[in-house]
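Notes follow once the structure below has been shown.
The values are calculated or read from the model by the stated rules, or taken from the named source; none is laboratory data. Because the structure is predicted, anything quoted here is derived from the model rather than measured. Don't worry about glycine lacking a Cβ; one is built from the backbone with ideal geometry, like all the others, and counts go over all protein chains shown. Ligands, DNA and RNA are stripped out before the accessible areas are found, and what is left, the full protein with its side chains, is counted by its heavy atoms. Shrake-Rupley method; radii C 1.70, N 1.55, O 1.52, S 1.80 Å.
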Amino acid sequence: MKVDLGPVTRIEGHLNVKTTIENDQIVDAQCMGEMFRGFEVILRGRDPLDAQQITQRICGVCPYAHAIASSYAQENAYGLQVPPNGRIMHNLIQGANHLYDYLLHFYQLSALDFVDVTSILKYTGKDADLRKIKEWVQAEFASGKAYPGAPFLPRLNGCYIVDDELNIGALKHYVEAMEIQKKANRAATVFGGKFPHATAIFPGGCTQDARIDLIATYQSFIRETREFIHSRYIPDIVAVAENFPEYWHIGASKGGFLSYGLLPLSAERNSGRLLAPGVLQGGMVKPVDYGLITQDVGHAKYSSPSGLKISESSLTPDPAKKGAYTWTKAPRYDGRVMEVGPAARILVDYHAGGNKTVKGLVDTYAAMFGITADNLNSVLGRHLCRAVNAVVIADFLLEESERIDPGGKTMADIVVPATAEGYGVTEASRGALLHYIRIADYKIAAYECVVPTTWNASPRDDKGQPGTMESALVGTKVADPEDQIEAVRIIHSFDPCIACSVH
């Protein structure tokens, strides 16, 4: 039995997942990115300094990560020495964006996989937020379709939390989270200029001045966000884990883990990062070698050569290609499938011993739930890892903002060379992000982005190896083959961004 789960809702972009079911078990899965964009083509021949602006348009959720990866690539190509303030401001902007994205993902995109929204219909109190949610749910269920501004449908068949008080509390937090997301976004715009698509992020630093009043404003927003993380976000994830403990063992990907490391601790290119970079396989972490990254297109809708390294990449769309089922390429590291994202960041750092807070939090929650770090490769593991990321990042941002030198230089002097190339890597909230630029005659001769969801939502490669999400779906038992709430929970745990993957 073959079932199309698309269009998959509560994600960014257009995704279909085709599953094959035998004896109520997924035995095959195909992740299908359903459009083509071609940002690498758009960038050819343009001024290199356009890149950090144009690439932000890949995504309206994580534009800052693209701007910073592009800036890092250009800094590498131009040989820039970034002033400390510039590096700090990049961190403050990007870190705030991570906090916004984690809260958005859990409350607006994933929590409704577990929370029973019909509990709100029993609510008779006077809380304005809850009464409004009750009206939204009533309107949606009466019409049988999603009501604008309150996307509680479609609601799949399956088991949800049965405690009405817990469900109603989670829905209250759903609304509160929207306000906190605004605070995190406003923090990012203090130094980034605006959201989405920051105007102040630049190769060599940030065009915003380093002012004490801006620092104080930024800290105020981050403190409010941090308080919500501890008082609402983490307890809600714990509640989901207590009600669905089987999901520590559902949705494991079948490859390794890749992280480029998040938030550099100094302006030196190879300096340490708040969360360590590395490739994790078999419990061992090794340094990342960009030269081992290739992209297969055997099952992707491109007729350009397969298996090319990043610096050799080519892009020729072929929508009618035989045997192809997606517009997403298949990145591989030394020929191997890699999961990227919050779980990869935490697992790499945990095994590398890079951050004592990470180890302490992972060990604490592992003891609480009777699991090991290996169980973070799961639906619940990905959700918990986002929360661990949020705790570590929020504390760091408050400390990092104190390191700004008020009135100090925030930008390097830029001279674009006639010929150069450079790599820039960072961690978007969804995972490992790489930008590569090659310049000839002062113009962009080649540009390549290898994006988190391109890794996670990749198709089979030329060896027939399924992509990360595909492998995580295979073997899953489903109660209702038509709805497959179990599969949707797995997909949502990766927080796919298809606009990014098919950039």
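Look at where the Cα atoms of the stretch 10-31 and of the stretch 385-435 average out, and the two centres are 35 Å apart. Expressed as a whole percent, the accessible area of the stretch 271-375 that falls on carbon and sulfur atoms is 53 (1.4 Å probe).
For the chain, the Kirkwood radius over C-alpha pairs fed into Stokes-Einstein at 10 °C and 1.306 mPa s yields D = 69 µm² per second. The share of C-alpha pairs in the stretch 184-332 whose separation exceeds 23 Å stands at 66 percent. Given a 1.4 Å probe and the protein chains as shown, Lys194 ends up with an accessible area of around 80 Å². Computed over the stretch 402-503, the P(r) curve from all C-alpha pair distances, binned at 5 Å from the origin, holds 2, 10, 13, 13, 14, 13, 10, 8, 6, 5, 4, 2, 0 percent per bin. Remark: the stretch 1-110 carries a charge dipole of roughly 300 debye about the Cα centre, counting +1 on each Lys and Arg Cβ and -1 on each Asp and Glu Cβ.
Taking all protein chains together, Phe369, Phe39 sort by accessible area into Phe369, Phe39, largest first [probe 1.4 Å].
The Rg/Rh ratio of the stretch 279-426, with both radii computed over alpha carbons and Rh defined as the Kirkwood radius, is 1.07.
The packing ranking of peptides 89-95, 325-331, highest mean first, is 89-95, 325-331, where packing means the average number of other beta carbon atoms within 10 angstrom of each residue. Ordered from largest to smallest accessible area (heavy atoms of protein chains, 1.4 Å probe), the residues Lys356, Lys134 come out as Lys356, Lys134. Remark: for residue pairs Lys443/Lys463; Lys145/Lys183; Lys145/Lys182, the C-alpha separation exceeds 29 Å in Lys443/Lys463; Lys145/Lys183. Approximating the spin labels as points 7 Å out from Cα along Cα→Cβ, the Val162-to-Lys18 distance works out to 3.9 nm.
Is the stretch 90-147 best put as rounded, prolate or oblate by its Cα gyration tensor, with a ≥ b ≥ c the root eigenvalues, rounded for a/c under 1.5, and otherwise prolate when a/b is larger than b/c, oblate when not?
It is prolate, given that a/c is not under 1.5 and a/b is the larger ratio.
The mean accessible area for residues of the chain, using a 1.4 Å probe and ignoring ligands and nucleic acids, is 37 Å² per residue. For the stretch 29-97, the mean projected area of the C-alpha convex hull, equal to one quarter of the hull surface, is 6.5 nm². Volume of the convex hull of the stretch 1-67 (Cα atoms only), normalised per residue: 103 Å³.
Taking a 23 Å limit on the Cα-Cα distance, which of the listed pairs Lys254/Lys286; Lys18/Lys329; Lys18/Lys172; Lys286/Lys477 fall beyond it? Don't jump to the answer; show the numbers that get you there.
On the way: Lys254/Lys286 18 Å; Lys18/Lys329 17 Å; Lys18/Lys172 34 Å; Lys286/Lys477 34 Å.
In this structure, Lys18/Lys172; Lys286/Lys477 lie more than 23 Å apart at Cα.
The Cα-based radius of gyration of the stretch 114-182, divided by its Kirkwood radius, gives an Rg/Rh of 0.94. Accessible-area rank, largest first, for Phe141, Phe202: Phe141, Phe202, with all protein chains present and a 1.4 angstrom probe.
In terms of the Cα gyration tensor, with a ≥ b ≥ c the square roots of its eigenvalues, is the stretch 340-476 rounded because a/c is under 1.5, prolate because a/b exceeds b/c, or oblate?
Judged from the Cα gyration tensor, the stretch 340-476 comes out oblate (a/c at least 1.5, b/c at or above a/b).
Average 1/r across all pairs of distinct alpha carbons in the stretch 271-354, invert it, and you get the Kirkwood radius: 14.4 Å. For the stretch 1-151, the alpha carbon positions stretch 61, 47, 25 Å along the principal axes, listed from largest to smallest.
Take each peptide in 462-475, 424-437, count the other Cβ atoms within 10 Å of every residue, and average; sorted highest first, the result is 424-437, 462-475.
For the chain, the antiparallel share of DSSP beta bridges with both residues in that region comes to about 90%. Taking a ≥ b ≥ c as the square roots of the eigenvalues of the Cα gyration tensor of the stretch 73-171, is the shape rounded (a/c under 1.5), prolate (a/b larger than b/c) or oblate? Prolate, because a/c is 1.5 or more and a/b exceeds b/c.
Under 5 Å from the amide H of Leu308 lie the amide H atoms of Gln295, each residue being 5 or more positions distant or on a separate chain, with H modelled from the backbone and absent for Pro and chain starts. Across the stretch 353-428, the fraction of Cα-Cα pairs farther apart than 21 Å, rounded to a whole number, is 53%.
Among 80-88, 220-228, sorting by the average number of other beta carbon atoms lying within 10 angstrom of each residue, highest first, gives 80-88, 220-228.
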